[in-house]
Amino acid sequence: MAGVCDMAPNFLSPSEDQALGLALGREVALNCTAWVFSRPQCPQPSVQWLKDGLALGNGSHFSLHEDFWVSANFSEIVSSVLVLN
């Protein structure tokens, strides 16, 4: 199956565009969960968070946590939580 590793993910969370208001000095957690069709030869999926076009990683004002679940039908679910403080 050509291109199976390049198939677009199906985003489960958030389910639609959301606007968040955050009080100064408070913490917010953003969750992105996606279902990905996969095969053994495909690289493990990952979520990449961007700000102004640049990738975010663990830093002094934010932290990342990723989890993966594999199902028997060649699919994976990846969940990434970005905590901003």
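Just so you know, all these numbers are worked out from the coordinates, no wet-lab data involved. What you see is a predicted model, and the numbers here were worked out from it, not measured in a lab. We place every Cβ from the backbone using ideal geometry, glycine too, and count neighbours over all the protein chains shown.
Assorted remarks:
- Those GluC sites (Glu not before Pro) in the chain that DSSP places in a loop and that have at most 14 other beta carbons within 10 Å: Glu16, Glu27
- Free-standing Cys residues across the chain, given no other cysteine C-beta under 4.7 angstrom: Cys32
- Taking amide H as placed 1.01 Å from N in the peptide plane, Ser38 has its amide H under 5 Å from the amide H of Ser75, Glu76, each at least 5 places away in sequence or on another chain.
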